[in-house]
Structures are given as structure tokens and as C-alpha cells.
1. Length gain on complete extension for the stretch HIS24 to ASP209, per 0.36 nm per residue less the alpha carbon to alpha carbon distance?
2. With each pseudo-label sitting 7 Å past Cα toward Cβ, what's the ASP246-PHE62 distance in nm, one decimal?
3. Ignoring ligands, DNA and RNA, what percent of the accessible area of the stretch 45-102 is carbon or sulfur (1.4 Å)?
4. Would you kindly calculate the mean projected area, averaged across all directions, of the convex hull enclosing the Cα atoms of the stretch 113-244, in square nanometres?
5. Any idea what angle helix 112-121 forms with the longest principal axis of the chain, computed on alpha-carbon atoms, 0 to 90 degrees, nearest 10?
6. Heavy-atom accessible area of ILE207 with all protein chains present, probe 1.4 Å, nearest 10 Å²?
7. Where the only charges are on Cβ atoms (+1 Lys, Arg; -1 Asp, Glu), what is the dipole of the chain about its Cα centre, to the nearest 20 debye?
8. Can you give the Rg/Rh ratio of the stretch 1-140, where Rg is from the C-alpha atoms and Rh is the Kirkwood radius?
Amino acid sequence: MTRHFLDIHRLDAAALRGILDDAHARKAARKGWPKGRVDADAPAKDRVLAMVFEKNSTRTRFSFDAAMRQLGGSSIIVNAGDMQLGRGEPVEDTARVLSRMVDAVMIRANRHEDVENFARVATVPVVNGLTDRSHPCQILADLMTIEEHRGPVAGKTIAWVGDGNNVCHSFMHAAPLFDFRFRVACPAAYHPDLHDLARGGDHVFLISDPREAVRGADVVVTDTWVSMGDQDYEERLEAFDGYGVDDALMDAAAPDAVFLHCLPAHRGEEVTDAVIDGPRSLVWDEAENRIHAQKSVLAWCFGG
Ligand code: CP
Ligand code: NVA
């Protein structure tokens, strides 16, 4: 069966644990190496990854390209607006054609259904590089970062403060599978999707007060208040007043709590300079870990 990586909850706990363990091992094995050197086992040797972007990207774009090089393969990167997809060619036809030309496809799409429809007809692995609904690759990098600095994520408490968005959804999907508690503090109008919330089961807690949500937490996470595609900028800034992460909020978390943000950050909105540039912030390790986590996702897709 073709191994797609569309959402965290589509894999079982053992497969996810295997991917994360592989990511830790691959990162350790290449410590001090130049970034272009190929891993000893080269699991993507002779393989080509196509990357299709309907939205902007810095981290996802560079990390997948670097990942394929380190795995011994190569990649082709195209903005959807430059493809016939951007002129209305159906995603299914695009999937049929790309399946004949490359060995895997990563897509960043406006609509989650488009990635699902692409994968339904693709005969090569498809990886979700962010949709309006979820961002599963990001969460693997986040969990990897937590484990590097604080040990196994199982049993930890992670507090999300801000918008109940795509990144928040993927955390909720991951909570029962990696066995961590996930507290979400967001304004009522911007709470997470209820289906995604339900996937978190008894591992996810909706708490309206940010201070209450972060109390004693091991990790505090936030993201932009205005995601790509959101139109209501002014309303959002107003609604999220009081949901910014500052030092006072971090002080309410556990004494050794760490701060994560998938980036890009909007300093002065969802997070202060002092927090994101301060000693509790792990955001640069988190960004780097996109490469390591995605290498292991790709290796899994290729059958590793
Ligand atoms: N975090 C993340 O996905 O960043 P980009 O939008 O830059 O890819
Ligand atoms: N929630 C953000 C994440 C960016 C990586 C967005 O969708 O724009």
C-alpha cells in the first residue's frame, strides 16, 4: 500500500514513534557533517520528490529540499500558480501525471480536501506540507525538539495559547498517539474544529484562560493569530488581545518550561521579543528539526 503522510492520526502510535526515533538517530549520526553530505544508508537514493506550493513557505520549502539531498535523492519545487493546476487543471489529473514522473509529492494547499483528493488517485506517497486544516510535519519537528531538551514527550503537558488553527489541530491529533496532555487556550470565536478536538479525546482540554492553561505546563506553544488565507486581520487582533505569550505567562508555566513557535512569528502580537529571543525559546532548534523529522517521514514513505 502507498504510504501517504497526510495527517498524524492516519498513522498508528508505533509508526509515529518509529519515525521520531529515526529522526533523533539520523540527527545524531550526522553531527558536525556539512549539510549537503548524504546519510550513510541513503534511503532516497535515485528518488525524486516533487514539491507543490499553493502558499508561501520558507521552512517547509528549504527543509524538504535539504532533507531529500541528505537522503541521497533530489527534488523539484514548483509554485502551483506556475502550474496548470493554477489555471484549473483538476488536482486528480495533476496527481496522475506527477505519479508518472516523480517518486513522491509534497503539497502545501489552500484546501485540505485537495490534498486528500490528490492522494486518493496518486500512486506515489503524498505528504501534507500544510493545509487550512493541519500541519503534521511541523508537529513531528516540535515533538522532536521537546524530546531533545526535556526527554520523552509521553506524560508531558503542552499548553497552546492563541488561535485554534491548523498547527493546533495537528497537536490535538498527536496527543493521544504520543500520550501527552494538550491544553488549548483560545478565544471562543477561534476555538479548534470540533472534529479535530474529538480526535484528541481525553488528552485534550479546552481552557479559556491562558494563565490557567499554562499553569505548570512543560511547554508553551503559540502561532500567528492570522494564518495564510485568513481575511479578518483586524477582528483577530482584537479577539486575541490577552492571548500573547510574554514573560509573565511563561512564569506561570513549570520552572523549566520551554517555548515553541512554528514560525514565522509576529513579535509584539502572539509573542514578545523577550520570550522568543529569550533563554526558554527553542524556536531555532525547532526550525532545524523540520529537516530531521521530515527525512524520517520521507524514509518511512519510501518503505523504511
Ligand atoms: N513553519 C512553517 O511551516 O514555515 P514555512 O511557512 O516558512 O514553511
Ligand atoms: N498557521 C500558520 C502556520 C504557518 C507555518 C498558517 O497557516 O499560516
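1. Contour length minus the Cα-Cα distance gives 63.1 nm.
2. If labels sit at ASP246 and PHE62, their model points lie 3.1 nm apart.
3. Summing carbon and sulfur atoms, their accessible area is 47 percent of the total for the stretch 45-102.
4. Value for the stretch 113-244: 8.6 nm².
5. Relative to the chain, helix 112-121 is tipped by roughly 30 degrees.
6. 40
7. Rounded to the nearest 20 debye, it is 1500 debye.
8. Reported Rg/Rh (Cα atoms, Kirkwood Rh): 0.96.
The values are calculated or read from the model by the stated rules, or taken from the named source; none is laboratory data. These numbers come from a predicted model, not from an experiment. We place every Cβ from the backbone using ideal geometry, glycine too, and count neighbours over all the protein chains shown. Accessible surface areas use protein heavy atoms only, side chains included; no ligands, DNA or RNA. Shrake-Rupley method; radii C 1.70, N 1.55, O 1.52, S 1.80 Å.
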